[in-house]
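This report refers to the structure that appears directly beneath it.
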Amino acid sequence: MSTRLAFDRLVHSDWSISPNKRWTAVALRSRDGWLIDSLGQTPALNEFLDFLFDRGRKTLAGFDFPIGLPSFYLEKTGLEYYQLLSDPASHPARLFFTAAETLSDISPAQPFYRRHPRGGRHADLLRALKCKTFSDLLRECDKKTKLRSRAESIFWTVGPKQVGKAALSGWREVLIPALERQARLWPFDGPLSSLDSNILTVAETYPGEAYQHIGMRRTIKKRSQDGRRAGGEAMLAWAFRHRVTFLPIIEQSILHGFGEREDGEDPFDAVAGLCGMIEVSDGRRAEAPGSMTFSKNCEGWILGQIDVPTA
């Protein structure tokens, strides 16, 4: 058991570069536990930022895009991730946040790209960013563990596992304006126990990591209604055990697998990620491994992931 945190509102957003695929779920703390009282498509950005900064509540907001960069890349370029976010008008930051036209055009100073040439390979990315192995382009929390396979590099922007475009979108549209309003960023600003008195703290989440934390199988067929319905049964059983209740319309949506449409996976992940945040906030799960270093120069981490890479 870890320390129970003082946040009284949790917000989880399933993020996408496409605004109509962004879904947000909200939980409010009560004397009896947590009430998940809101689930819907994420509002327009200005409205959403105002919503996050609710002066009457201490909010922990989770987003399922990477927050941080590989240490190998930071050391090689001399950049600092937190500084890039804090000073986006600087020349290094403006270049960094501007995607190169193609994979062939990227450089260490400009590591993201818009288009992928036919036949482009990981080897081309490694060569352009002056890395020796693909592992150099992964954060520790992205690497393979005993419980899961490795993630894709944040700089790779094609294929079903790519996260680079969503990361750029989230950094520019959420993190930079939130930091300008004095939000705190986990784990860069410290452990959650030192941040839970702030109006807004932002953390990286990964719904696929949270599945097992709340009793689901790791591999959920979330693009099918039957798969989401099976995952929802585990979600409701977890909620019953831990005094988490749902607004009736949300509970019905869970029972019916979030509808027949394939894009039901978006609200499904918004709620699953939120439940994972409740596990951490209530102290049943550690926010990170005990070896985690909390500092502005760290790589970042996925909230609630405690397994570490295999050798």
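The values are calculated or read from the model by the stated rules, or taken from the named source; none is laboratory data. These numbers were taken from a predicted model, which means no experiment stands behind them. Note that each Cβ is placed from the backbone with ideal geometry, even for glycine, and that neighbours are counted across all protein chains shown. With ligands, DNA and RNA removed, areas are computed over all heavy atoms of the protein, side chains included. Shrake-Rupley method; radii C 1.70, N 1.55, O 1.52, S 1.80 Å.
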Can we say residue 231 is touching a Lys or Arg at 6+ places or on another chain (Cβ under 8 Å), closer than 28 Å to residue 186 by Cβ, assigned to a helix (DSSP H, G or I) and open to solvent by less than 30 Å² (accessible area, probe 1.4 Å)? yes
Across region 54-76, what is the total count of residues that are assigned to a loop (DSSP other than H, G, I, E, B), open to solvent by 20 Å² or more (accessible area, probe 1.4 Å) and of a type outside the set (Asp, Glu)? 4
Quick one: residue 79 ticks every box in (1) exposed (fewer than 13 other Cβ atoms within 10 Å of the Cβ); (2) assigned to a loop (DSSP other than H, G, I, E, B); (3) aliphatic (A, V, I, L, M) bar one, so which box is it? (1)
List pairs: first in region 146-174 and under 18 Å from residue 128 (Cβ atoms), second open to solvent by less than 50 Å² (accessible area, probe 1.4 Å) and hydroxyl-bearing (Ser, Thr, Tyr), Cβ under 7 Å, 6+ apart or cross-chain? 157/113; 164/157; 165/157
Taking region 29-53 and keeping residues of a type in the set (A, V, I, L, M, F, W, C), exposed (fewer than 14 other Cβ atoms within 10 Å of the Cβ) and in a strand (DSSP E or B) leaves none
Residue list for region 179-193, filter: in contact (Cβ under 8 Å) with a residue 24 or more places away in the chain and either closer than 23 Å to residue 253 by Cβ or over 15 Å from the mean Cα position of the chain (by Cα) (or both): 179, 181, 183, 189, 190, 191, 192, 193
Quick one: residue 6 ticks every box in (1) open to solvent by 10 Å² or more (accessible area, probe 1.4 Å); (2) in contact with a Pro (Cβ under 8 Å, 6 or more places away or on another chain) bar one, so which box is it? (2)
Filter pass, residue 304 being open to solvent by less than 10 Å² (accessible area, probe 1.4 Å), assigned to a loop (DSSP other than H, G, I, E, B), in contact with a Ser or Thr (Cβ under 6 Å, 6 or more places away or on another chain) and at positive phi: no
Which condition number in (1) without any contact (Cβ under 8 Å) to a residue 24 or more places away in the chain; (2) over 24 Å from the mean Cα position of the chain (by Cα) is the one that residue 87 fails? (2)
When region 240-265 is examined, which residues are found to be within 24 Å of residue 285 (Cα to Cα), open to solvent by less than 80 Å² (accessible area, probe 1.4 Å) and either touching a residue at least 60 places away in the same chain (Cβ under 8 Å) or outside any helix (DSSP H, G or I) (or both)? 242, 244, 245, 246
Quick one: in region 82-124, of everything that is out of contact with any strand residue (DSSP E or B) (no Cβ under 9 Å at 6 or more places or on another chain) and within 15 Å of residue 137 (Cα to Cα), which residue is most open to solvent (accessible area, probe 1.4 Å)? 121
Verdict on residue 171 being in a helix (DSSP H, G or I), under 25 Å from residue 206 (Cα atoms) and of a type in the set (Phe, Trp, Tyr): yes
Checked region 278-294 for anything in a helix (DSSP H, G or I) and either within 14 Å of residue 193 (Cα to Cα) or open to solvent by 60 Å² or more (accessible area, probe 1.4 Å) (or both); matches are 280, 281
Inspect region 167-182 for any residue being open to solvent by less than 10 Å² (accessible area, probe 1.4 Å), touching a strand residue (DSSP E or B) at 6+ places or on another chain (Cβ under 8 Å) and within 21 Å of residue 285 (Cα to Cα) and give the result as yes or no. no
Please find, within region 200-225, the residue that is nearest to residue 64 (Cα to Cα) out of those that are open to solvent by 50 Å² or more (accessible area, probe 1.4 Å) and not basic (Lys, Arg). 206
Matching residues in region 202-215 - criterion: being outside any loop (DSSP other than H, G, I, E, B) and closer than 19 Å to residue 23 by Cα: 202, 203, 204, 207, 208, 209, 210, 211
